[in-house]
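Notes to accompany the following structure.
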Amino acid sequence: MKILIVDDEPRHLRGMAAMVQAMRPHAHVSVAKDGEVALASIRSELPDVILSDIQMPNMDGLSLLKWLEVEAIQTKVVIVSAFNLFDYAQTAMRYGASDYLLKPVDADKVEDLLQRIEQKLAAEIVEQGETADLKQRLQLTSSAYRSQLLHQWLSGELSPGEGERLDDWAVLQEVDLMILSEIGTGSNTGDYPVMSLELLADQLNQLGAGFGQVCAFPLQTVPNQGARVVTAIKLNEPARLPMLIPKIRALLQAISQHGEADGRLFHGIGCRPLEADKSTDIPQLYQHAQTALSHTFHADWQGVTSSVELVLSVTTSFRLDGEQLFEALQDPTMDAAEVMCRTAFRELASDGNTDPKLMKDYASLTLMKIKSRTKEIVDRDVGIAITEAVVSDIPMCRGSEELMALLLQSLEKVQRSMMIRKQDRNELIMEDCTGWIEQNFHEDLTLEMAAERFHFNPSYFSTLIKSRTGRSFSDHLTEARMRRAKELLSTGQLKIYEIAEQCGYRDTKYFTRMFKKQVGLSPEAYKRIPSPSAGSEENA
């Protein structure tokens, strides 16, 4: 089935395409950014179904419907509109649209819609006769029906009578081992070429044939999940199952390394206990495969996990103190914070046996704690980015390395924002400090007094002043005192010891030495230099 999705909003376009492709892995899904581009694509590709937005530039959804009518192009058109545009959707139905969806689109409603359209297409095929093109459509519809039966088999809802409609029913009744393979979504979510799935199923059939009778088939998946293939194997020697796992693991890793699918391959192996009744526990076997597949999240397994290797009863603990992490994020670099995070999550992973959901939950909890702790000291945009990571990005993480990268990236935004705020704060503190010196230089000021006033460690405060102003605390104090001394000496009204006291020097001799060192003249000599104002009065 060919499906065309039309929307001028790139994010909505990608999301809808990913959802539909995941629901129908064998369908050919294409996209267009507006009605004008869509019309050109429709003329050349003749899609079976069009899911089109209403309001778009160049050509809107209603105009697209009119052109399809003018050119007598027979296809199923579904209008996708926001709730406040429902009237437009009703108008579109009168213009010939087959159905409509309301935004935000619900996955269950999309699935119901696709099933209704598939049923309509199948009915039309019967009515119109089996031409070559219609035979192909019927084959695709039959494939969807077969997939539905296989889903019922996996869930334990398929009766023996219905099962006999499957060619592989004899094998499926006595399965010893089930492999659930997933094409990782990666950066191209939902982009699964049909040949990739067919090639993967073919390779898995060849793999299973070396161990017994095999049946591999694509599985319809849910949104935000990679395309999946189920491989059911009836072993020639069931008793040797534990010894076969390493060999099966190696073969699956070889497929992953040389696969042509769009994205990495992951495999979960569900194994039947030797004493189990083969006719009753297919859903349990499938659940084992799902659990094993979910644990390929951990890099420890290198993309392949089996239910016999997992130790799910392991007790895990999370040792990442939020306050210590906050302190580490105040360092100039992320080194300490990164070590803390990697150590805590490595321990939590417990050699790849911890539920990936728990890993994601703790990553989210860590970020939310940091967001709460820093909400008054970082930019608002950073807080929004953290919330988006927790709500949207973390749940979508496919692997532990991706999760750690996302966690560190989010924490780095916090650390960078705090550093910027800290620099700005330090600049203000330096201005306050130099102003405080200017106002109080006549007192017996010390570095320790200044550090205490501005809530710093004296050693750090000394370094901070030097790095921010290029001069030490004592340089600033001396400069302020000398500047005032020059002003008082220029008036000629005070004695040297009086000037020394007003400038914060209790020892006149020390004041004299400091003045000569800074100015190059003794206070007496400087006092005899005519002031500019005095020279002006004499000239007058």
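What the table shows:
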| item | result |
| --- | --- |
| SER98, sole failed condition from (1) touching a residue at least 24 places away in the same chain (Cβ under 8 Å); (2) buried (at least 17 other Cβ atoms within 10 Å of the Cβ) | (1) |
| Some residue of the stretch 52-61 being hydroxyl-bearing (Ser, Thr, Tyr), assigned by TED's automatic domain parsing to the domain that holds LYS103 and either modelled with pLDDT of 85 or more or in a loop (DSSP other than H, G, I, E, B) (or both) | yes |
| LEU488 vs. criteria farther than 26 Å from LEU447 by Cα, surrounded by 14 or more Cβ atoms within 10 Å (Cβ to Cβ) and either in contact with a helix residue (DSSP H, G or I) (Cβ under 6 Å, 6 or more places away or on another chain) or modelled with pLDDT of 90 or more (or both) | no |
| Selection count where residues are hydroxyl-bearing (Ser, Thr, Tyr) and modelled with pLDDT of 90 or more, scope the stretch 264-298 | 4 |
| Hey, THR291 of a type in the set (Val, Ile, Thr), surrounded by fewer than 20 Cβ atoms within 10 Å (Cβ to Cβ) and outside the structural domain of GLN253 (by TED's automatic domain parsing) or not | no |
| Lone unmet requirement of (1) at pLDDT 95 or above; (2) part of a loop (DSSP other than H, G, I, E, B) for VAL339 | (2) |
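The values are calculated or read from the model by the stated rules, or taken from the named source; none is laboratory data. Fair warning: this is a prediction, and the values are worked out from it, not measured in the lab. FYI the Cβ positions are ideal-geometry reconstructions off the backbone, even for glycines, and counts take in every protein chain you see.
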